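Take a look at the structure below.
The values are calculated or read from the model by the stated rules, or taken from the named source; none is laboratory data. Here the structure is a predicted model, which is why all the values come from computation and not from measurement. Don't worry about glycine lacking a Cβ; one is built from the backbone with ideal geometry, like all the others, and counts go over all protein chains shown.
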Amino acid sequence: MFFKLTPTTGQPLYLQLMQQIRHAVETGALRDGEQLPGIRTLAEELVVSPNTVAKAYSELEHEGLLEMRHGSGAFVCVKRRTRSLADQVQIARRRLRDLIERLREDGLLDEEIRRAFEAELLYPAEIVRKR
Amino acid sequence: MTDEAVILTQALTKTYRNAEAVRALNLSVGRNRITAFLGRNGAGKSTTIKMLLGMLRPTSGSGSVLGWEITNAKENCELRRRVAYVAEDKPLYGYMTVEQTIRFVSSFYPDWRKDVEKKLFKDYELPPERKVKTLSKGMRTKLALLLAFARRPNLLILDEPSEGLDPVGIEQLLQTLVAQSAEGVSIFFSSHQIGEVERIADQVCILEKGCLLVDASLDNLRQFYRRIDLVFPSAPPEGEFRIAGVERIQAASNRLSVFASKNAEAVIERAHDLNAVSVEVAPVGLRDIFLETVKER
């Protein structure tokens, strides 16, 4: 499994790792029951603090996507809910792709689209609903 | 995360004849974490580290390392046994060979990690027969690091450990730091290399003119620090943005650039309420946070 963390973006490294593991499960790159590298191994491989890996694993365990077995590491645990979530994400991605395509047709540059997304994501949910 | 601190100082102060090197420093370094200590040259980093190790006497204030008082000579002895320190200038005996140095130093420590010594000796490609005084700066640093890492310390204090290392050496150093951290060693290191700090540190402390200006987890820095660029139809209402979390505002004609350490959402909401025609948000890297922090205010 290959993960790539970007230290310079505005997102905590543990969240990046969580997303990449989730993504790998959604796309089927990681299967039910598959074992992930140990905290120390993955930390050394990615050259990040072991706390980063430990936090990502423990949050994913909390979400039910990983199962931590004492002494033997982390295992992927795909439940039905994860599958339906995977479908939802697939649909959302298609809609996003359409939207981005339209914005590009309108002449917006990718960098401008990215910044617009950043700004809108920071909008509190309630205000968006009001508009 | 454990709340227990391996380094704790209260109003730690060091005044040299005419200059305050460290001013009322309240530092708390967490156990099992990798903490980076940043600051410009002369900000007081090395002075702080030397006080923690009992090599310099504080003018006032107090501190403890692993629970031992730093100013108590007897306790200081105990703490030095459990803390491995790599100094900025890496002092070693020049007349000894690399091999003699390793044998000499290891004899002081009953739980010396032979496995760590062997691994690093191989990784760092140290020449066993060479006299220490003939080593290059990078090799000297590697030898000093090996001696510290093989000691099985509870806490590692490193003063600019990557100085003089080439990119391969830096990568090996970072990997070793991660491995040590995974074994439960707490790490406190000063550095000018923002890029390496950004990769491995859990916590960042920024010292400027002897004062601690930032003490935050990198997760928080990444999540909350934002630069918000705003464009208004007319002269921007700068004063409206002086709210909690806004560290700095730059204004130019109808534009405002707001640097926020938190509350970016509130800034954006206010911008919309004030009819900003453009709102752009960008995360701020550690380099920019550092530069903004140490800028003259």
Quiz item: If you scan region B:33-46, which residues turn out to be farther than 21 Å from B:Lys295 by Cβ and modelled with pLDDT under 95?
Solution: B:Ser46
Quiz item: In region A:52-63, what residues are surrounded by 24 or more Cβ atoms within 10 Å (Cβ to Cβ) and of a type outside the set (Ser, Thr, Tyr)?
Solution: A:Val53, A:Ala56
Practice problem: Please indicate, with yes or no, whether at least one residue in region B:159-177 is in contact (Cβ under 8 Å) with a residue 60 or more places away in the chain, buried (at least 23 other Cβ atoms within 10 Å of the Cβ), within 14 Å of another protein chain (Cβ to nearest Cβ) and part of a helix (DSSP H, G or I). | Solution: yes
Quiz item: What number goes with the only condition from (1) closer than 30 Å to B:Ser190 by Cβ; (2) surrounded by fewer than 18 Cβ atoms within 10 Å (Cβ to Cβ) that B:Asp219 does not pass?
Solution: (2)
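One line per residue, one yes/no per condition, for (1) surrounded by 16 or more Cβ atoms within 10 Å (Cβ to Cβ); (2) of a type in the set (Ser, Thr, Tyr):
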residue	(1), (2)
B:Thr101	yes, yes
B:Ser107	no, yes
B:Arg113	yes, no
B:Val116	yes, no
B:Leu120	yes, no
B:Pro128	no, no
B:Lys131	no, no
B:Met139	yes, no
Practice problem: Could you please find all residues in region B:192-203 being within 12 Å of another protein chain (Cβ to nearest Cβ) and either farther than 20 Å from A:Leu5 by Cβ or of a type in the set (A, V, I, L, M) (or both)? | Solution: B:Ile194, B:Val197, B:Ile200, B:Ala201
Quiz prompt | Count of region B:122-151 residues which are part of a helix (DSSP H, G or I) and in contact with an Asp or Glu (Cβ under 9 Å, 6 or more places away or on another chain) | solution = 8
Quiz item: Can you tell me which of A:Val78, A:Val48, A:Val89 is at pLDDT 95 or above, on the phi < 0 side of the Ramachandran plot and aliphatic (A, V, I, L, M)?
Solution: A:Val48
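The rows are residues; the columns are (1) hydroxyl-bearing (Ser, Thr, Tyr); (2) under 19 Å from the mean Cα position of the chain (by Cα).
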{"position": "B:Phe37", "(1), (2)": "no, yes"}
{"position": "B:Asn41", "(1), (2)": "no, yes"}
{"position": "B:Ser46", "(1), (2)": "yes, yes"}
{"position": "B:Trp68", "(1), (2)": "no, no"}
{"position": "B:Lys114", "(1), (2)": "no, no"}
{"position": "B:Met139", "(1), (2)": "no, no"}
{"position": "B:Leu147", "(1), (2)": "no, no"}
Quiz prompt | Number of the exception - A:Leu65 against (1) in contact with a Lys or Arg (Cβ under 8 Å, 6 or more places away or on another chain); (2) under 24 Å from B:Ala201 (Cα atoms) | solution = (2)
Exercise. Determine which member of the set A:Arg104, A:Arg93 is more than 14 Å from the chain's Cα centre (by Cα) and of a type in the set (Lys, Arg).
Key: A:Arg104
Quiz item: Looking at A:Glu34, A:Glu26, A:Glu44, which one is surrounded by fewer than 18 Cβ atoms within 10 Å (Cβ to Cβ) and either over 12 Å from the mean Cα position of the chain (by Cα) or outside the structural domain of A:Ile113 (by TED's automatic domain parsing) (or both)?
Solution: A:Glu34
Quiz item: Which residue pairs have Cβ atoms under 7 Å apart, sit 6 or more places apart or on different chains, and have a first residue in region A:12-23 that is within 8 Å of chain B (Cβ to nearest Cβ) and a second that is at pLDDT 95 or above and outside any helix (DSSP H, G or I)?
Solution: A:Leu13/A:Val48
Exercise. For A:Arg40, work out the one condition from (1) in a helix (DSSP H, G or I); (2) at pLDDT 95 or above it doesn't fulfil.
Key: (2)
